[in-house]
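Presented below is the structure to which this report refers.
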Amino acid sequence: MTPVPLDLPLRPSEAAELAGLIFESAERKPLTDEVRNRVAARAAALHFETITPHFGSLERDPVHHSTYYVAVDVPEGLPLLLHLALATAPTSSIFHKPLLIGRMRRALGPEIVINAIPFGATDADTLEKFVTHIDKTFLPRPHGSRTTIVAGMQAAASGPAGAFDAFRRIWKRTGRNVASIGAEGEVPASVVYYNSLWAAIRSGWRDGYSTVARIAPPFESAKDSIREAALFSTFVFDPATVVRRVEGQTETAINQIFETSFPAEERGWIFDEFVRTFNTGELAYELTPADALSLAVQFGEGLLLGERVHNQIRQTRSALKINRPFDFELALDRVPTGTTPRELIFCLQWLKARGHAVQLAAPNLQAASEPGVRELAAICRHFQCGMDFSASDSAAQLETVARASAGRFTCSLWGTHSGAAAIEHVAESLLG
């Protein structure tokens, strides 16, 4: 934990005023957003000069109810977490060696002790303690069936605080929670994770959000990515680099690859599992022996690797005693060719049949017509997974996917255009 500088530019008198206001407004009543807003409104009249409180973060200690925590900024100083407690309360057992800011005696109440703890985006240990021991609602959660807009974080300097502001405006306008933060580019997943926690706490975002990590071959680097992103709530497996192209291959060549890629038992399973008709409730798709063989050659290596990745995620999280559920997604959006209905059925059925069912799928919608999009969306619904697509598509394509997926979709803003303005623009196209 970074030590708090002794010359911290914070007036103890302002911290005392803030503490008094919180105790007057919150003591002996449920700590709700209404109470937080009331405290914020009263604090605005005090015109603090050395403290900028983030009242959305205000929380009560779950054991000692006359103890409060609130995140603040101070001029030219570190972001802090103030610990406000009655002088008779035990010293915090959660945060050790805090800096004493001062003591105050309220006119009509007992003495209060004010301490400070470093609380920046890089203070991982402090953030973990806050979301583990004080308020677990700030932890990321799986997407589930929630409509989601993933804001990719490309640089450590461009944290997700602005994204949460955009998510809140969308929530107020539409009543929809679309919050999700993704790790991409050169930013380590752990940096994205703790920046997300920090921004969610300071903004008071308790309504749920997901954190998304993209995992790609080879397996050794995938293992490293999984360790780095173990605390994330959604893992997107991207097998594009190991998907084989079968266009132009002779039947003999495809058969030879099939024979050498899969042992006899697995070859038999592939024919037994896939040579049949798949009825999605809207359309029926028949897969012939030639289809099963060709699709296995095209996607089999990637799907086998996806199984290993899914198992590695489970094992890594189990070893770290992370018991929270997570979402697993199959991403075909970077495969060079557009995803066909039979390809999507083959991939989703393979993973489902072998105990690795996905909660999300990202087909490549390259040049897909509206009927084609509807077909792919119906297949996702049949396999009880949401559909993920890129916000780089045209506004008309976005609206088509939103309609076709019946509101169960994830829209990913990877790349440079994932700031607050882009989030709100996409939300307007998708949600109105």
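The residues packed around Leu46, meaning those with a beta-carbon under 14 Å from its beta-carbon, carry a net charge of -1 if Lys and Arg are +1 and Asp and Glu are -1. Normalising the average separation of contacting C-alpha pairs (under 8 angstrom, six or more residues apart) by the number of residues puts the relative contact order of region 1-145 at 22 percent. Among the protein heavy atoms, those of Arg342 account for about 90 Å² of accessible surface (1.4 Å probe, every chain in place). Using C-alpha pairs under 8 Å with a sequence gap of at least 6, the mean separation divided by the residue count of the chain gives a relative contact order of 13 percent. Subtracting the Cα-Cα distance of Phe219 and Arg105 from 0.36 nm times their residue separation leaves 35.0 nm of extension gain. Among Glu228, Glu286, Glu301, the residue with the largest mean-square fluctuation in a Gaussian network model of the chain, with springs joining Cα atoms closer than 10 Å, is Glu286. Treating r as the C-beta distance of Val246 and Glu128 and R0 as 45 Å, the FRET efficiency rounds to 0.45. Helical runs (DSSP H, four residues minimum) scored at -39500 (n - 2.57) apiece and divided by the length of the chain put the mean residue ellipticity at 222 nm at -13000 deg cm²/dmol. The lysines within cross-link reach of Lys97, meaning a Cα-to-Cα straight distance under 21 Å and a gap of 8 or more places when in the same chain, are Lys129.
What you get for the chain, charging only the Cβ of Lys and Arg (+1) and of Asp and Glu (-1), is a dipole of about 1420 debye around the Cα centre. Given their separation in residues at 0.36 nm each and the Cα-Cα distance between them, Asn255 and Ala319 gain 18.9 nm when the chain is fully extended. Here the chain carries DSSP beta bridges of which approximately 45% are antiparallel, counting only pairs with both residues inside. Under a 5 Å amide H cut-off, with hydrogens placed 1.01 Å from N, Ile101 pairs with Ile114, Asn115, Ala116 among residues at least 5 apart or on other chains.
Report the residues of region 375-394 in range of a label on Ala367: point 7 Å along Cα→C-beta, backbone N strictly under 14 Å from it. No residues fall inside that zone.
Remark: spin-label model distance Phe271-Ser392 equals 4.1 nm, labels positioned 7 Å along the Cα→Cβ axis.
With all protein chains in place and ligands, DNA and RNA left out, the 1.4 Å accessible area ranks Lys136, Lys129, Lys352, Lys97 as Lys97, Lys136, Lys352, Lys129, largest first. With a Förster radius of 41 Å applied to the C-beta separation of Asp33 and Arg227, the computed FRET efficiency comes to 0.65. Each Lys and Arg Cβ is given +1 and each Asp and Glu Cβ -1; about its Cα centre, region 109-194 then shows a dipole of about 680 debye. When the Gaussian network model of the chain links Cα atoms closer than 10 Å, the mean-square fluctuations of Arg408, Arg276, Arg176 top out at Arg276. Return the label of the correct value of mean projected area of the Cα convex hull in nm², as calculated from the structure shown, out of (i) 35.3; (ii) 23.0; (iii) 20.9. Answer by label: (ii). Is the shape of region 1-119 best called rounded, prolate or oblate, per the rule: a/c under 1.5 gives rounded, else a/b larger than b/c gives prolate, else oblate, with a ≥ b ≥ c the square roots of the Cα gyration tensor eigenvalues? Rounded, because the longest to shortest axis ratio a/c is under 1.5. Would you please give the FRET efficiency between Glu76 and Leu46, computed as 1/(1 + (r/R0)^6) with r the Cβ-Cβ distance and R0 = 22 Å, to the nearest 0.05? It comes out at approximately 0.60.
At full extension, Ala421 and Arg206 could sit 75.2 nm farther apart than now, given 0.36 nm per residue minus the alpha carbon distance.
GNM remark for the chain: springs join alpha carbons under 10 Å apart, and the peak mean-square fluctuation among Ser13, Ser180, Ser225 falls on Ser13.
The values are calculated or read from the model by the stated rules, or taken from the named source; none is laboratory data. Nothing here was measured: the structure is a model prediction, and the numbers come from that model. Using ideal geometry, Cβ is built from the backbone for each residue, glycine included, and neighbour counts are taken over all protein chains shown. Note: areas computed on protein heavy atoms with side chains; ligands, DNA, RNA excluded. Shrake-Rupley method; radii C 1.70, N 1.55, O 1.52, S 1.80 Å.
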